[in-house]
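Enquirer: The structure follows.
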């Protein structure tokens, strides 16, 4: 799941820089929710309390679901002269994909809690998975840094406005 969400975040940056699609304020909030879910997923690969990691991921995924659902409901019937913002991927726009991703993340975190509870785990039992998760975690941190720099360059410390 971590690689999937990281790939979506990387694709959002490619659309932003490669195709000149400036993200709207709600899109930026969706990215915050995805990064929070990624950090919750990354914490699962550390030794120690796993319930806290699932809680952080669950709260972030719920935030993502609320924000993306609001954006989908705002744009279901675009107002006159206002086209749907962004490109469609496989027929769906990013806010709709964010709803799907948020639902999958919530189901994953809730399933993890329901099936395994607070059972302690040891990341050293599978060093290959731990190493792979470490690389994925570094990629997510790098994506977060690039995203933060892009937002600061685009918006500064004020309100961020996108065309559309």
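The values are calculated or read from the model by the stated rules, or taken from the named source; none is laboratory data. Quantities reported herein were computed from a predicted structural model and do not represent experimental measurements. Virtual Cβ from ideal backbone geometry, glycine too; neighbours counted across all protein chains shown.
Enquirer: Which is in contact with a helix residue (DSSP H, G or I) (Cβ under 7 Å, 6 or more places away or on another chain), over 20 Å from residue 140 (Cα atoms), buried (at least 20 other Cβ atoms within 10 Å of the Cβ) and at pLDDT 85 or above, of 60, 68?
Expert: Selected residue: 68, the only one of 60, 68 that is in contact with a helix residue (DSSP H, G or I) (Cβ under 7 Å, 6 or more places away or on another chain), over 20 Å from residue 140 (Cα atoms), buried (at least 20 other Cβ atoms within 10 Å of the Cβ) and at pLDDT 85 or above.
Enquirer: Of (1) under 17 Å from residue 109 (Cβ atoms); (2) under 13 Å from the mean Cα position of the chain (by Cα), residue 31 satisfies all except one. Which?
Expert: (1)
Enquirer: Scan region 71-86 residue by residue and report those that are assigned to a loop (DSSP other than H, G, I, E, B), at pLDDT 70 or above and either surrounded by 14 or more Cβ atoms within 10 Å (Cβ to Cβ) or under 22 Å from the mean Cα position of the chain (by Cα) (or both).
Expert: The one that is assigned to a loop (DSSP other than H, G, I, E, B), at pLDDT 70 or above and either surrounded by 14 or more Cβ atoms within 10 Å (Cβ to Cβ) or under 22 Å from the mean Cα position of the chain (by Cα) (or both): 76.
Enquirer: Would you mind stating whether residue 114 is assigned to a helix (DSSP H, G or I), at pLDDT below 85 and surrounded by 14 or more Cβ atoms within 10 Å (Cβ to Cβ)?
Expert: no
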